[in-house]
Amino acid sequence: MALATHGHGHKPLGQTLVDLRKVGKHYGRGDKYTEALRGINLTIREGEFIALLGPSGCGKSTLLRIIAGLIGATEGEVLYRGQPLRGVNPNTTIVFQSFALYPWLTVQENVEAALEPLGIARLERTKRALRLLDHVGLDGFEMAYPRELSGGMRQKVGFARAMAVEPELLCLDEPFSALDVLSAESLRGELMELWLSGTIPTKAILMVSHNIEEAVFMADRLIIMDKNPGHIVAEIQNTLPHPRRRKEKAFLTMVDQIYAQMVGKTRTEAEELGSAPGEPGLTRALPEAPISAISGLVERVNEELTNKIDVYRLADEFVNDYDEILPIIEAAEVIGFANVEAGDLSLTPLGQAFAEGSIQARKEIFAARLRRVPMIRWILSMLKAQPDQRLSWDVFIAALSREFPAEIAERQLDTAVDWARYAELFSYDNSDNALFIEVEQPIAQAIAQPNGAPNDH
Amino acid sequence: MDALRRKTVFATGQSSATYLGWADILILLGIATAVYLGVQLASSAPVSLARAEIDLNPQVLPYYALQSVGRMAAAYLLSVLFSLVYGYMAARSRSAERVLLPVLDVLQSVPILSFLPVVVLGLTAILPQATAVEIAAIVLIFTSQVWNMTYSFYQSLRTLPRELREAASVFRFNWWWRFRRMELPFASIGLLWNSIMSWAGGWFFLMAAEIFTVGDKDFRLPGVGSYLQEAANANDTTAIVWGVLTLVLIVVLLDQLVWRPLLVWVQKFKLETVEDDNPPTSWFYSLLSGSRLANWLNQVLVVNVVRAVDRRLGKARRFEPAELDRPLHWTQHAARFLALLIFILIVLALGIELVGLLLSVPLAEYGRIAAGTVATALRVITAMLIAIAWTIPLGVLIGSSPRLANILQPLVQIAASIPATAFFPLIVLAIVSNGVSLNVAAVLLMLLGTQWYILFNVIAGTSAIPKDLRDMSDLMRFKGWRRWRKLILPSLFPYLITGLITASGGAWNASIVAEYAEFGQQTYDVIGLGALISEATAKGDFGLLTAATLTMIIVVVCINRYFWRRLYRLAEEKYRME
């Protein structure tokens, strides 16, 4: 659907809807204490379309849920139209990433289900549901079940349902990220048309996004967040006129600028590495990137004559969501294969050597660097302290749980084992659930003592 | 049908505890106290009781059948209500969950049959006899049906996708809309499969609950179960055959007219957003949905009623879900502490008396209990080994051919629903007339009751082996033993364990009826824990009954915790195809 030619289509700003003052959120107590958000100040005014961006784990979805009243803040004040918010905010709805449609209800019943609790009479409900479904172009699909529809059409039902209750503030929780590229694009265009033309009573939109281009395409203000704990690092006003074109220079510059903001700048080695669990100082979490992705990245950059690439181009080439590329870049930085500055990623000489090395040479380079990573060093020293150089997985998890939430502790150890296995530093034995240091075994010997039965007939 | 669903159907290795914690000990103590209270009540039951006459004329069978089905239905309704309430309580609050889940876990491994005398006698002490026996039968069937359903509902509530729950909050559903639009539909598939299992289990106990002697007290209720036993006592083979036929007919009718159509209907509540390539079918359901009359009745009776309820309850105050890890107010702490204290005091007070009762049992009797436990364990193991030996080859054969599986699976399902206890009179007759040893008969009875679960799971496991793996094994020319060892057995393992867990619990339970038989004036029994329980019941020896029952509870709970759960976890971690 073509975008409405609505001039330069910026809405005049009106009254303040949401006002967050020094909002924070933490979970648990004692050892299980984790801080999800800290010191969030944010206002949303009528007429604004705001996008929340940030690496995964920075609390953007939590923030959205606090504004919708699904979760209570533990610090600070959450005001809606100047009044403190208690319980679910009746003036908002959410469009969910996974659509959150009830699969046992038809398209029409799904929309009506949102109207039932409001006490609207049956005929009026039906009328309103049909009108909205017509609005989003689902005319003729009223009696279909969600499972009969494509992803894009399901999300249209999600939008129709959200709009049926006529919220002042529409919250979008990554609404396009579960869709295929083309459906997502067309749905974005349709939403913008509804929003800019003012055919829906929605006063403001708040969108969590994993896609920088999408955010620049749609939003007037971009809030960039970072993690540990979640906080706002930057706000960028986007005054590009609608309709925005992705290949325009101003558009690209803004995307590039946000990427640069998000990948940051490689710090000194000591800062990048952090300290080991149990030691003083901040324990640096390993970026959760698999080995294959790290070497893929290094090889790709090595193809460039300058050994340097724009992070934005990298993301554009491989993935749509920055969420997938950020941990890989971070891993390359931690290991010392790459440096990032001003949105550009360049290989270090070590990274070049790795990219050009043989399989064995790569393993050796990787192992040498890995020994410097505090978490790996810590695991190795714990293992070496054991007489049989073997220690249960659970022991490490218990130790890591003091630094990380339980599920992240598991993922951290998974990543550590993935990396260390590749570097042949230590490995994991499934049969007794333990990490152990591999004893050097020459290949000839390994062949002479096969583990599996020979292939007899 | 997909493998995942079957897994949830027969999964009994539910919570993951593999040891006994303090909570379990407390619960066991609580149960012991309850048993003791029941026994106290039971020993004060009136002595002489009028007995209902059971007519052996086959013409009364429809009437008897109706009574039995009525009893089952009453117990089932009770089970559904209980499941909803208990499941809600456990899922809604973390602290309730901490108490309710271990209780559920222990209760479902308790051998229900050993409770029968306590329940019957306890109730006759406080109620008129006819009512008491009727209620006792229903309570007993209820206790055999309810646990897996409750667990299934609880599990559904806990696994509701977060975004669906959030959508319900954002759209301001009150408790009624949550329940009707979201929780019940989501739970319905699991609840239905568990209902089917529960009915099968219920029949087993109904057979035993309808006729019953304790000491000189003889209780009977008109029904198919009492008919069968009376027929056996009268040595009336024709009547036995009629009785078994009636029972099979009821099971088949219920399967075809109730469960199958419901199974087809609940498919619409599946969460998966893709279509099933092989959905269940039901001729009766197709007939109903094509019938104008049925549609009209549905409109008048169901739709309008539901709308009226919606209008009433839909306006209720909005339900504000509490955050699960919200810290408790000090009054809540205090209340909880007080409740625990009172519970402990009651348990202690009664416990002292209980210990007195247990001490009054002579030491020699404890020797018999120990020997009986070993003997029964051996019988259970034998029955399970035999079951494994024949179900694996047959199950793999059926499961490897989708065509065969489609034809035979409904039959296996029906066979599994026919209670082993129905065949007990036949077995008793065989013992009396042909001198078959009761040892053989006991194992046979356990086998009859348990083999179906195993067969069912083997079929499911075989048909769940991914095609890629089969193809790969063909390419690598895995044949014969190698194929079994590398492909079939590892794939079957989790399913086999799931089946064996159910089978093991059932076999222990069956020992109570299998190891002891009275015929005319003669008593047949073997050394065994089940025989001891039955003997104590028949003699009215409450000390021995209490000791033997508690032993069985503890043994079964421990076997579950220390053996099955561990195997189940291994199966989950290592051999599950994901």
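Please verify whether the stretch A:78-98 includes one or more residues that are in contact with a Lys or Arg (Cβ under 6 Å, 6 or more places away or on another chain) and at pLDDT below 85.
No, because not a single residue in the stretch A:78-98 is in contact with a Lys or Arg (Cβ under 6 Å, 6 or more places away or on another chain) and at pLDDT below 85.
Mind counting the residues in the stretch B:120-132 that are open to solvent by less than 50 Å² (accessible area, probe 1.4 Å) and out of contact with any Leu (no Cβ under 6 Å at 6 or more places or on another chain)?
4
Of all the residues that make up the stretch A:79-90, how many are more than 11 Å from every other protein chain (Cβ to nearest Cβ) and in contact with a strand residue (DSSP E or B) (Cβ under 8 Å, 6 or more places away or on another chain)?
Residues in the stretch A:79-90 being more than 11 Å from every other protein chain (Cβ to nearest Cβ) and in contact with a strand residue (DSSP E or B) (Cβ under 8 Å, 6 or more places away or on another chain): 6 in total.
(1) open to solvent by 40 Å² or more (accessible area, probe 1.4 Å); (2) modelled with pLDDT under 85; (3) in a helix (DSSP H, G or I): which one isn't true of residue A:186, the others all being true?
(2)
Conditions (1) open to solvent by 90 Å² or more (accessible area, probe 1.4 Å); (2) closer than 19 Å to residue A:289 by Cβ; (3) at pLDDT below 75, marked per residue:
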residue: A:400; (1), (2), (3): no, yes, no
residue: A:405; (1), (2), (3): no, no, no
residue: A:418; (1), (2), (3): no, yes, no
residue: A:430; (1), (2), (3): yes, no, no
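Mind listing just one residue for me: the one in the stretch B:328-375 that is over 30 Å from residue B:510 (Cβ atoms) and among the polar types (S, T, N, Q) and, of those, least open to solvent (accessible area, probe 1.4 Å)?
This residue is B:331.
Can you say whether residue A:76 is away from every other protein chain (no Cβ under 13 Å), assigned to a strand (DSSP E or B) and of a type outside the set (Asp, Glu), as far as the supplied structure shows?
Spelling it out, residue A:76 is indeed away from every other protein chain (no Cβ under 13 Å), assigned to a strand (DSSP E or B) and of a type outside the set (Asp, Glu).
It is to be established whether one or more residues within the stretch B:544-566 are within 14 Å of chain A (Cβ to nearest Cβ), open to solvent by 50 Å² or more (accessible area, probe 1.4 Å), in a helix (DSSP H, G or I) and of a type in the set (Lys, Arg).
yes
I'd like the full set of residues that are part of a helix (DSSP H, G or I) and open to solvent by 50 Å² or more (accessible area, probe 1.4 Å), limited to the stretch B:409-447.
Listed by number, the residues that qualify are B:411, B:423, B:426, B:432, B:433, B:434, B:439, B:440, B:444.
If I filter the stretch B:507-517 for residues that are touching a Ser or Thr at 6+ places or on another chain (Cβ under 8 Å), crowded, with 21+ Cβ neighbours inside 10 Å and free of Cβ contacts under 8 Å to residues at least 60 places away in the same chain, do I get at least one hit?
Yes, some residue in the stretch B:507-517 is touching a Ser or Thr at 6+ places or on another chain (Cβ under 8 Å), crowded, with 21+ Cβ neighbours inside 10 Å and free of Cβ contacts under 8 Å to residues at least 60 places away in the same chain.
Any residue in the stretch B:526-538 that is assigned by TED's automatic domain parsing to the domain that holds residue B:374 sitting within a Cβ distance under 6 Å of a residue that is at pLDDT 90 or above and open to solvent by 10 Å² or more (accessible area, probe 1.4 Å)? List the pairs, counting only those 6 or more apart or interchain.
Listed pairs, sorted by first residue: B:527/B:371; B:527/B:375; B:528/B:375; B:529/B:373.
Read through the list (1) touching a residue at least 24 places away in the same chain (Cβ under 8 Å); (2) of a type in the set (S, T, N, Q); (3) in a helix (DSSP H, G or I), then give the number of the only condition that residue A:93 fails.
So residue A:93 meets the others, but not (3).
Going by the conditions given, is residue A:51 at pLDDT 90 or above, open to solvent by less than 10 Å² (accessible area, probe 1.4 Å) and either closer than 24 Å to residue A:400 by Cα or within 12 Å of chain B (Cβ to nearest Cβ) (or both)?
no
Under 8 Å by Cβ, and 6 or more places apart or on different chains, what pairs join a residue from the stretch A:220-235 that is free of Cβ contacts under 8 Å to residues at least 24 places away in the same chain with one that is open to solvent by less than 60 Å² (accessible area, probe 1.4 Å) and β-branched (Val, Ile, Thr)?
Note: pairs meeting the criteria are A:235/A:223; A:235/A:224.
Filter the stretch A:121-170 down to residues that are over 26 Å from residue A:206 (Cβ atoms) and among the aromatic types (Phe, Trp, Tyr) and give me whichever is most open to solvent (accessible area, probe 1.4 Å).
A:141
Can you name every residue in the stretch A:79-90 that is buried (at least 20 other Cβ atoms within 10 Å of the Cβ) and assigned to a strand (DSSP E or B)?
Passing the criteria: only A:80.
Limited to the stretch A:96-126, what total is found for residues that are more than 10 Å from residue A:161 (Cβ to Cβ), part of a loop (DSSP other than H, G, I, E, B) and not aromatic (Phe, Trp, Tyr)?
8
Go over the candidates A:123, A:132 one by one and state the one that is of a type in the set (A, V, I, L, M, F, W, C), more than 10 Å from chain B (Cβ to nearest Cβ), free of Cβ contacts under 8 Å to residues at least 24 places away in the same chain and over 30 Å from residue A:233 (Cβ atoms).
So the residue among A:123, A:132 that is of a type in the set (A, V, I, L, M, F, W, C), more than 10 Å from chain B (Cβ to nearest Cβ), free of Cβ contacts under 8 Å to residues at least 24 places away in the same chain and over 30 Å from residue A:233 (Cβ atoms) is A:123.
Answer yes or no: is there a residue in the stretch A:277-289 that is free of Cβ contacts under 8 Å to residues at least 24 places away in the same chain, open to solvent by less than 70 Å² (accessible area, probe 1.4 Å), farther than 20 Å from residue A:420 by Cβ and not in a loop (DSSP other than H, G, I, E, B).
No, every residue in the stretch A:277-289 fails to be free of Cβ contacts under 8 Å to residues at least 24 places away in the same chain, open to solvent by less than 70 Å² (accessible area, probe 1.4 Å), farther than 20 Å from residue A:420 by Cβ and not in a loop (DSSP other than H, G, I, E, B).
Considering only helices (runs of 4 or more DSSP H) fully contained in the stretch B:255-310, which possess at least 1 residues that are within 13 Å of another protein chain (Cβ to nearest Cβ) and modelled with pLDDT of 75 or more?
Correct list: B:260-266.
Looking at the stretch B:153-168, can you tell me whether even one residue there is within 30 Å of residue B:314 (Cα to Cα), among the β-branched types (Val, Ile, Thr) and away from chain A (no Cβ under 14 Å)?
yes
For the subset of the stretch B:68-96 comprising residues that are of a type in the set (S, T, N, Q) and more than 15 Å from residue B:136 (Cα to Cα), which member is least open to solvent (accessible area, probe 1.4 Å)?
B:83
Can you confirm whether residue B:179 is within 18 Å of residue B:77 (Cβ to Cβ), open to solvent by 20 Å² or more (accessible area, probe 1.4 Å) and in a helix (DSSP H, G or I)?
It is true that residue B:179 is within 18 Å of residue B:77 (Cβ to Cβ), open to solvent by 20 Å² or more (accessible area, probe 1.4 Å) and in a helix (DSSP H, G or I).
Return yes or no: is residue B:488 open to solvent by less than 60 Å² (accessible area, probe 1.4 Å), farther than 16 Å from residue B:575 by Cα and in a helix (DSSP H, G or I)?
Judged against the criteria, residue B:488 is not a match.
So is residue A:63 more than 14 Å from chain B (Cβ to nearest Cβ), open to solvent by less than 10 Å² (accessible area, probe 1.4 Å) and among the hydrophobic types (A, V, I, L, M, F, W, C) or not?
Criteria met by residue A:63.
Does any residue of the stretch B:473-481 turn out to be among the basic types (Lys, Arg), assigned to a helix (DSSP H, G or I) and surrounded by fewer than 24 Cβ atoms within 10 Å (Cβ to Cβ)?
no
The values are calculated or read from the model by the stated rules, or taken from the named source; none is laboratory data. This is a predicted model, so every value here is computed, not measured. Using ideal geometry, Cβ is built from the backbone for each residue, glycine included, and neighbour counts are taken over all protein chains shown. The accessibility values were calculated without ligands, DNA or RNA, using every heavy atom of the protein model including side chains. Shrake-Rupley method; radii C 1.70, N 1.55, O 1.52, S 1.80 Å.
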